[in-house]
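Trainee: Sharing a structure here in structure tokens format.
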Amino acid sequence: MNEITHGSPYLELLKNRVSLYKVPFSERGSRLMIFRKDDQLRIRLAERWFKLDNQLSGYRTRTPIVDEWVLTDAAGAALPLTTTTYPHCIEITNSNGLYRLVFVDQETLLLTLPPGRHGLRFHASMVDSIQSDRRGGVLRLTGSVIRRAIVYTTDARLVVHQTRRENGGCTVELQFDCAGEARLLLNITPRLGFNRYLPDAAATIDAAVQRWHAWFAAAPPVAEQFHRQYYFAWLAMRIGLISSRFYTTREAMTPSKIHYVGVWQWDAFFHALAYRHVERRLAQDQIRIVLDHQREDGMIPDAIHDEGVVTHLTFPVDADVTKPPLLAWAAWKLYETDGDREFLEEIYEPVVRWNRWWFDHNDTDGDGLPEYQHPFSSGLDDSPLWDDGMPVTSPDLLTYLVLQEETLARIANVIGLNEEAELWNRRADRLAQRLIDRLWDAEAGLFWAQHRGRRVNVVTPFNLFPLLTGRMPADIVQRLLTHLTDPAQFWTNYPAPTVSRSDPKYDPLTMWRGPSWVNINYLLKEGLQRIGQQEIAAELRRRTLEMMLEGDDLYEYYHPETRAAPPKAAPLYGWSSALFIEMAIEETNALHSTQPLSSDR
């Protein structure tokens, strides 16, 4: 039995998958992310702090709160180090011996210290108060904008303890004389209170093993060919969670703890699909958190951060901003898994208000078809669909609204509102027909987006999205399938590019202008299954899994011909992880449809 993993097959499988370069060491709910740079460790915070630097994504380049953390010899010289990582622990070795770094709680790290004379040094940023004592020290930032405490505590005998103000912070230098294995506790907190209680090291590591093992063991088993990336996806789904704080009213998943700190609306719905397999309340809370901030007029924010919500932006146009109406669709998927009728009761009226908002506030030309007023409301931020300007009547938005009204009918039936269910079904049918009447081009065999009555001349998979409604006539379905399965357009090695390969605006390296996105493939797969195109759906699922299987991470988007991650694709990506989980489970069920799959729990 491996002492550090206590024989857990999941922890062994994920050995060194936490690279400490692109993938940080972190824990469920924690805002702390531990990275490595050369022979130094550094701690970054998953916090937005717009009021600190007035930049929406300033956290991506902000100075780590703890930097230049080095382990030193008896003379204070920094030593090279070797790291071995597991989901629950980092093992660090150098000429002094073995160190282990583990989370005690969301805000506290424990470092075990080997016997002998040695030390460490680190720089803490944004410190204006320093208080040292016999066991360590308390470094504080007490300003009016941000408050913070960085507290270090040890049971080793301190033979050197120096603090010096420099570079807008404080450098701490310690030398220990450890008769046996000792401990150092590091607590980083915005709270008034802080933690200086040194726990038993072995018990702390054991507790970390047990909580991580239980997390992986709760996941449905999948075919062995998916294990390596499947359990990495579950690692991403755990460390991507951030604790509730201020406007972040629930424990919620970030799209990327490194690149997108906050809760984005449609990301949250895809995240919920994975969580439904392990924790019902956690899955539901990914939906509740956006409803917590629903406006009086029914609108749901684009994003939620600790400091507030995003409901309006002045760039690239000045307009309210939200995300596609997929809430009811996601809630119904949760219900199909857990049968929780009360959750449907809880969300029904908020979703009705949300649906009404789209029709009451987004139909500027009065044709009965809501439009996107802001590019970001589509989720497809830089798609060429918006190059001609806003607003845009887009087939994908109308598809989502048909699905939403259809799902409201299902929910209404479950909660006993039969007359309302009939109304929602009629509305869905009418909207689907209006979509055909206004946007279908029989000559091209496509649904075109329109800007102020003129068609937007770019071919994307969103021109095909009415397939998802299951309400299209057979001739339209066949024309759309012809486009989808054409290798010159969308049926690439790793479909489906977000702009057709044959379109002049196709760029496989730029966000929504060509790369394949996992969530779009998942939605297309769902639509194909719905209309009975099981073979095409299965092939799309297989190629999407293959696209993600071999990499060292799970990325925001992929090159549709090579499956490489483009340079700007965010790593450790939430919905890619969640939907890899969904499709691996589904593919496993397909592979083992004639015999039960034995669990390796």
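Trainee: Sorting S30, S576 on the 10 Å Cβ count, fewest up front, what's the list?
Mentor: The order, fewest Cβ neighbours first, is S30, S576.
Trainee: Give the angle, between 0 and 90 degrees and rounded to the nearest 10, that separates the Cα long axis of helix 418-439 from the longest principal axis of the Cα atoms of the chain.
Mentor: That works out to roughly 80 degrees.
Trainee: Further, regarding this structure: When a/c reaches 1.5 or more, the comparison of a/b and b/c decides; with that in mind, is the range 158-246 rounded, prolate or oblate per its Cα gyration tensor?
Mentor: Prolate, since a/c reaches 1.5 and a/b exceeds b/c.
Trainee: Net charge around L369, counting only other residues with Cβ within less than 9 Å of its Cβ (Lys, Arg = +1; Asp, Glu = -1)?
Mentor: Summing Lys and Arg as +1 and Asp and Glu as -1 gives -2.
Trainee: Taking the square root of 5 times each eigenvalue of the Cα gyration tensor, what semi-axes in Å does the equivalent ellipsoid of the range 125-276 have, largest first?
Mentor: Three semi-axes, in Å: 36, 23, 13.
Trainee: Compute the FRET efficiency between H312 and R452 as 1/(1 + (r/R0)^6), taking r as their Cβ-Cβ distance and R0 = 30 Å, and round to the nearest 0.05.
Mentor: My answer for the efficiency is 0.85.
Trainee: Also, quick follow-up: Can you pull a Stokes-Einstein diffusion coefficient for the range 242-308 at 20 °C (1.002 mPa s), Rh from Kirkwood over Cα pairs, as a whole number of µm²/s?
Mentor: 181 µm²/s
Trainee: Any idea what Rg and Dmax come out to for the range 9-214 if you just take the C-alpha atoms, in Å?
Mentor: Expressed in Å, the Cα Rg and Dmax of the range 9-214 come to 16.4, 49.
Trainee: Counting only helical runs of four or more DSSP H residues, what would the 222 nm mean residue ellipticity of the chain come to if each run contributes -39,500 (n - 2.57) and the total is spread over all its residues?
Mentor: That comes out to -10500 deg cm²/dmol.
Trainee: Among L417, V459, W440, whose Cα sits farthest toward the positive end of the charge dipole of the range 412-459 (+1 at Cβ of Lys/Arg, -1 at Cβ of Asp/Glu, about the Cα centre)?
Mentor: Result: V459, furthest along the dipole toward the positive end.
Trainee: In addition: Could you give the Stokes-Einstein D for the range 227-383 in µm² per second, using the C-alpha Kirkwood radius, 37 °C, 0.692 mPa s?
Mentor: 202 µm²/s
Trainee: So, one more: What length, rounded to one decimal in nm, is gained on full extension from R426 through to A179, with 0.36 nm per residue of separation minus their alpha-carbon distance?
Mentor: So the chain would gain 81.1 nm between R426 and A179.
Trainee: Taking one equal scatterer on every alpha-carbon of the range 296-449, how large is log10 of I(q)/I(0) by Debye at q = 0.10, 0.21 1/Å?
Mentor: -0.39, -1.38
Trainee: Let me ask something else. What number do you get for the range 77-148 when its Cα radius of gyration is normalised by 2.2 N^0.38 Å, N = residues?
Mentor: 1.36
Trainee: What FRET efficiency would be calculated for the residue pair L291, R157, taking the C-beta separation as r and a Förster radius of 41 Å, to the nearest 0.05?
Mentor: 0.15
Trainee: Extending each Cα 7 Å along its Cβ direction at Q433 and N589, get the distance between those two points in nm, one decimal.
Mentor: About 3.4 nm, to one decimal.
Trainee: Continuing with this model, one more query. Which angle from 0 to 90°, rounded to the nearest 10, does the C-alpha axis of helix 574-591 make with the longest principal axis of the chain?
Mentor: The angle comes out at about 70 degrees.
Trainee: Still on this structure, I have one more. As a footprinting exposure proxy, order M253, M548, M299 by other Cβ within 10 Å, with the fewest listed first.
Mentor: M299, M548, M253
Trainee: Percent relative contact order of the range 219-591, based on C-alpha pairs within less than 8 angstrom and at least six residues apart?
Mentor: Once normalised by length, the contact order is 17 percent.
Trainee: Continuing with the same structure: Under unit Cβ charges (Lys, Arg +1; Asp, Glu -1), what dipole magnitude, rounded to 20 debye, does the chain have relative to its Cα centre?
Mentor: 1580 debye
Trainee: Can you tell me which of 98-111, 457-470 comes out highest on packing, and rank the rest after it, using the mean Cβ neighbours within 10 Å?
Mentor: 457-470, 98-111
Trainee: Give me H361, H271 sorted ascending by neighbouring Cβ count inside 10 Å, so fewest comes first.
Mentor: Lowest to highest Cβ neighbour count: H361, H271.
Trainee: Continuing with this model, one more query. How long is the gain from R60 to A444 if the chain were fully straight, where each residue apart is worth 0.36 nm and the alpha carbon distance is subtracted?
Mentor: The R60-A444 span can extend by a further 133.9 nm.
Trainee: Using Cα-only point scatterers and the Debye equation, what is log10 of I(q)/I(0) for the range 424-573 at each q in 0.16, 0.17, 0.18 Å⁻¹, rounded to two decimals?
Mentor: Values, matching the q order: -0.87, -0.96, -1.06.
Trainee: What size of dipole, in debye to the nearest 20, comes out for the range 9-214 about its Cα centre when the only charges are +1 on Lys and Arg C-beta atoms and -1 on Asp and Glu C-beta atoms?
Mentor: It works out to roughly 660 debye.
Trainee: Here's another thing I want to ask about it. Using only Cα atoms, tell me the angle between helix 327-338 and the longest principal axis of the chain; keep it within 0 to 90° and round to the nearest 10.
Mentor: With rounding to tens, the tilt is 70 degrees.
Trainee: Can you order the peptides 173-180, 114-121 by their average number of other Cβ atoms within 10 Å per residue, highest first?
Mentor: Going from most to least packed, we get 114-121, 173-180.
Trainee: Suppose the Debye formula is applied to equal point scatterers at every Cα of the range 127-198; what is log10 I(q)/I(0) at q = 0.14, 0.24 Å⁻¹?
Mentor: -0.45, -1.11
Trainee: Pairs to check: K257/K505; K257/K323; K333/K568; K505/K568. Give those whose C-alpha atoms are more than 29 Å from each other in this structure.
Mentor: In this structure, K257/K505; K333/K568 exceed 29 Å between Cα atoms.
Trainee: A follow-up question, please. I'd like the FRET efficiency for N418 and D133, computed as 1/(1 + (r/R0)^6) with the beta carbon distance as r and R0 of 51 Å, rounded to 0.05.
Mentor: 0.15
Trainee: Follow-up question, since we're still on this one. Under 10 °C and 1.306 mPa s, how fast does the chain diffuse according to Stokes-Einstein, given a Kirkwood radius computed over C-alpha pairs? Answer in µm²/s, whole number.
Mentor: Approximately 62 µm²/s, per Stokes-Einstein.
Trainee: Dipole of the range 9-214 (Lys/Arg Cβ +1, Asp/Glu Cβ -1, origin at the Cα centre): which of L141, L111, T171 lies farthest to the positive side?
Mentor: Checked the options; the winner is L141.
Coordinate-derived values only; no laboratory data. The structure displayed is predicted, hence computed values, not measured ones. No Cβ is skipped: glycine too gets one built from the backbone with ideal geometry, and neighbour counts run over all protein chains shown.
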